[in-house]
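Q: This is the structure, below, for whatever I ask next.
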Amino acid sequence: MSNAARKPKLGVFKFASCDGCQLSLLDAEDQLLDVVGLVDIAYFLEATSKIGSGPYDVALVEGSITTPHDEERIQEIRQQSKFLMTIGACATAGGIQALRNWADKDEFVRAVYASPEYISSLETSTAIADHVTVDFELRGCPINQYQLIEVIQALVGGHKPRTRTHCVCMDCKQRGNVCITVATGEPCLGPLTQSGCGAICPTYDRGCYGCYGPAKQIHAQSLTDHLIRQGSAPPQLVPLLRNFNSNAEPFRNESNRIESMT
């Protein structure tokens, strides 16, 4: 981003999601005040009723694409944004709502809505990157608020944003955690999942369930084959992979493979 006197214009947009990633930004409190001083928040309905028009220097997008209207609106936001960053599992992988991708969408609609005939919905829930060019992804369900602040500060300062891309296993090593899978046989997605949470679940004796999505250069089949040999049943592993990031390609492909075994 430019260091010119004009503050960069920021827009924060929501699609199908629970708002948790936007709330993570608001929960940053003191750090958020620093960001407010660096940017002009032109559009952020979760925080203010002020509505400023584009173009935007930076657009933060939360949520997945689930309706025809969503498909149109994300195209408009992309056209108005110099730098578009997706935040959270819904925006980067379709979110928990992507579970509909393996089910009958119409059946879900009938079960949830009293008047399903008024609902216009796509067959699938998909990531923002499936529809427009995305300049940077920030993973998590929800995102790490400090990572988001760091990325915004980097953009404003004219630096390329960076986040950790190693797997959760390295965080466990740094914290001195005993490996859950080795010690107890409990399935854990730590070897497949990108860092970001600080290995919260393994630290409290629970296997990782992949809320930060797949790390780089992973081999999902090697892990799941090992877990099956160790005693995990395929039906136990399918829902583990089909969680917040179920539609992320490595998780989706491996869950499909395991499901075909049952």
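Q: Can you give the local net charge around G196? Use residues other than it whose beta-carbon is closer than 15 angstrom to its beta-carbon, Lys and Arg +1, Asp and Glu -1.
A: +2
Q: Quickly work out the V178-to-E46 label distance, labels modelled 7 Å from Cα along the C-beta direction, and quote it in nm with one decimal.
A: The two pseudo-label positions are separated by 3.8 nm.
Q: Right, here's the next one. Place a +1 charge on the Cβ of each Lys and Arg in the stretch 9-156 and a -1 charge on the Cβ of each Asp and Glu, then give the dipole magnitude about the Cα centre in debye, rounded to the nearest 20.
A: 140 debye
Q: I would also like to ask the following. Could you tell me the distance between the Cα centroids of the stretch 150-190 and the stretch 217-234, to the nearest Å?
A: First find each Cα centre; the distance between them is then 20 Å.
Q: Non-local amide H neighbours of A16 (under 5 Å, H modeled in plane, Pro and chain starts lacking H): which ones?
A: S64, T66
Q: Let me ask you something else. Among S120, F251, I180, which residue has its Cα positioned farthest towards the positive end of the charge dipole of the chain, with +1 placed on the Cβ of Lys and Arg, -1 on the Cβ of Asp and Glu, and the dipole taken about the Cα centre?
A: Looking along the dipole axis, the top candidate is I180.
Q: Can you check what the Kirkwood hydrodynamic radius comes to for the stretch 1-73, Cα pairs only, in Å to one decimal?
A: Numbers: mean 1/r = 0.0751 Å⁻¹.
By the Kirkwood definition, the hydrodynamic radius is 13.3 Å.
Q: Now for a different question. Could you tell me the calculated FRET efficiency between R6 and T165, based on Cβ-Cβ distance and R0 = 30 angstrom, to the nearest 0.05?
A: E between R6 and T165, to the nearest 0.05, is 0.35.
Q: Can you compute 3J(HN,Hα) from phi for each residue in the stretch 35-45, using the Karplus curve 6.51 cos²θ - 1.76 cosθ + 1.60 with θ = phi - 60°, rounded to whole Hz and x for Gly and Pro?
A: 5, 4, x, 9, 10, 9, 6, 8, 8, 6, 5
Q: What is the stretch 168-259 by shape, rounded, prolate or oblate, if you read a ≥ b ≥ c off the alpha carbon gyration tensor as root eigenvalues and call it rounded for a/c under 1.5, prolate for a/b larger than b/c, and oblate otherwise?
A: oblate
Q: While we're looking at this one, here's another question. Given the options P239, I152, L45, identify the residue whose Cα lies farthest towards the positive end of the charge dipole of the chain (+1 on Cβ of Lys, Arg; -1 on Cβ of Asp, Glu).
A: My answer, from the dipole projection, is I152.
Q: Relative contact order of the chain, please, whole-number percent, based on alpha carbon pairs below 8 angstrom and at least 6 residues apart.
A: Values: 494 pairs, mean separation 47.6, N = 262.
Contact order relative to length: 18 percent.
Q: Taking loop as defined by DSSP and a crowding limit of 12 other beta carbons within 10 Å, which chymotrypsin sites (Phe, Trp or Tyr not before Pro) in the stretch 160-240 fit?
A: Qualifying residues, ordered by number: Y204.
Q: If you don't mind, there's one more thing I want to ask. Determine the dipole magnitude for the stretch 168-259: charges of +1 sit on the beta-carbon of Lys and Arg, -1 on that of Asp and Glu, nothing else is charged, the reference point is the Cα centre, and the result goes in debye to the nearest 20. Mind dumping the intermediate values first?
A: Working: 8 positive and 7 negative charges, 22 e Å.
The calculated dipole for the stretch 168-259 is roughly 100 debye.
Q: Report the longest stretch of the chain that contains none of the GluC sites (Glu not before Pro) sitting in a DSSP loop with at most 12 other Cβ atoms within 10 Å.
A: Formally, the longest exposed-site-free interval is 124-262.
Q: Wrap a convex hull around the Cα atoms of the chain, take a quarter of its surface area, and give that in square nanometres.
A: 15.4 nm²
Every number in this text was worked out from the coordinates using simple rules, so none of it is lab data. These numbers were taken from a predicted model, which means no experiment stands behind them. We place every Cβ from the backbone using ideal geometry, glycine too, and count neighbours over all the protein chains shown.
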